[in-house]
Amino acid sequence: MPRSKPPTPIRPFDLIAFDWDGTLFDSTAVITRCIQLAVVDVGGRRPSTQDAAYVIGLGLMQALAHAAPDVPPERYPELGARYKHHYAAHQNDIALFDGVLGMLADLKARNHVLAVATGKSRRGLNDALMAAVLHGVFDGSRTADETAGKPHPLMLQELMQEFGVSPGRLLMVGDTTHDLQMALNAGCPSVAVSYGAHESDSFTALSPLFVAHSVAELHAWFLTHT
């Protein structure tokens with residue numbers, strides 16, 4: 001009697017959404033520095049490295065307003081312009097973390113739908129995707145200027161609607177509490193990475209499935225859990 005084939009395991013996630021800066025792109029230090037320079041340029045008190053890093057992942061103006069509480073709202077446009085000026089001078093100095101391309105290729109080979117959910121602008125993300133030669137890797141993306149800034153769940157809700165995925169089948173991967181709170185707000189599970197903007201101790205209350213301390217650890221987790 002022929003042996004029956006073992007049942008094909010059901011994968012837990014269909015759609016994996018990644019934050020960009022600090023999760024896939026090694027840009028945390030540059031963004032932190034550009035925030036500090038922009039605030040000083042408009043006469044504000046220079047935010048600490050911790051305070052500047054905390055706002056990474058939020059929409060640009062939301063982040064700058066939080067990092068510069070002593071800058072009046074009427075100067076926010078100038079503040080944003082100064083940030084963009086400093087970032088443009090250094091954006092070619094940053095790149096994907098080592099191992100990211102191989103990790104994404106493995107996930108694509110497993111037929112996962114891959115997306116980006118980022119606090120960057122649409123123009124900023126498109127520029128980054130071109131620089132990183134990632135055309136065709138991601139099936140979808142949402143940015144803060146076309147939906148709502150984190151931790152509002154709209155980015156993930158729109159991605160779920162676009163690809164017909166239920167909340168439990170979307171996994172959010174990010175390096176900040178803003179990413180994990182967005183996932184909670186959308187009813188989605190999450191995985192955190194500690195090599196980006198926020199310390200791993202801050203993730204506990206948001207119940208990620210796993211905290212990866214390197215891209216290699218994240219890749220290994222995907223191989224056994226997705």
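Test of understanding: among 21, 51, 14, which residue is buried (at least 16 other Cβ atoms within 10 Å of the Cβ) and without any contact (Cβ under 8 Å) to a residue 24 or more places away in the chain? Explain how you work it out, then say what you get.
Numbers: 21 fails: without any contact (Cβ under 8 Å) to a residue 24 or more places away in the chain; 14 fails: without any contact (Cβ under 8 Å) to a residue 24 or more places away in the chain.
Answer to the check: 51.
Inspect all residues belonging to segment 43-63 and state whether any of them is at pLDDT 90 or above and polar (S, T, N, Q).
no
Being over 21 Å from residue 60 (Cβ atoms) and surrounded by 17 or more Cβ atoms within 10 Å (Cβ to Cβ) is the filter here; which residues of segment 72-106 pass it?
96, 97, 100, 103, 104
Only one residue in 171, 156 is at pLDDT 95 or above, among the hydrophobic types (A, V, I, L, M, F, W, C) and over 23 Å from residue 123 (Cα atoms). Which one? Give the derivation first.
On the way: 156 fails: over 23 Å from residue 123 (Cα atoms).
Of 171, 156, the one residue that is at pLDDT 95 or above, among the hydrophobic types (A, V, I, L, M, F, W, C) and over 23 Å from residue 123 (Cα atoms) is 171.
Are any of the residues in segment 181-204 of a type in the set (Val, Ile, Thr) and closer than 18 Å to residue 125 by Cα? So that I can check it myself, show each step before the final result.
Taking segment 181-204 first, the residues of a type in the set (Val, Ile, Thr) are 191, 193, 204.
Going one step further and asking which of them are closer than 18 Å to residue 125 by Cα, we end up with none.
No, segment 181-204 contains no residue that is of a type in the set (Val, Ile, Thr) and closer than 18 Å to residue 125 by Cα.
Does segment 57-75 contain any residue that is outside the structural domain of residue 164 (by TED's automatic domain parsing) and closer than 18 Å to residue 194 by Cβ?
From segment 57-75, those outside the structural domain of residue 164 (by TED's automatic domain parsing) are 57-75; that's our starting set.
With the extra rule that they be closer than 18 Å to residue 194 by Cβ, the set shrinks to 57.
Yes, segment 57-75 contains at least one residue that is outside the structural domain of residue 164 (by TED's automatic domain parsing) and closer than 18 Å to residue 194 by Cβ.
Just to be sure, is residue 37 modelled with pLDDT of 90 or more, surrounded by 15 or more Cβ atoms within 10 Å (Cβ to Cβ) and touching a His at 6+ places or on another chain (Cβ under 7 Å)?
On the way: modelled with pLDDT of 90 or more: yes; surrounded by 15 or more Cβ atoms within 10 Å (Cβ to Cβ): yes; touching a His at 6+ places or on another chain (Cβ under 7 Å): yes.
Judged against the criteria, residue 37 is a match.
Just wondering, is there one or more residues in segment 197-216 that are acidic (Asp, Glu) and either in contact with a Pro (Cβ under 8 Å, 6 or more places away or on another chain) or at pLDDT 95 or above (or both)?
no
The values are calculated or read from the model by the stated rules, or taken from the named source; none is laboratory data. Everything numeric in this text was worked out from a predicted model, so none of it was measured. Backbone-built Cβ (ideal geometry, glycine too); neighbour counts: all protein chains shown.
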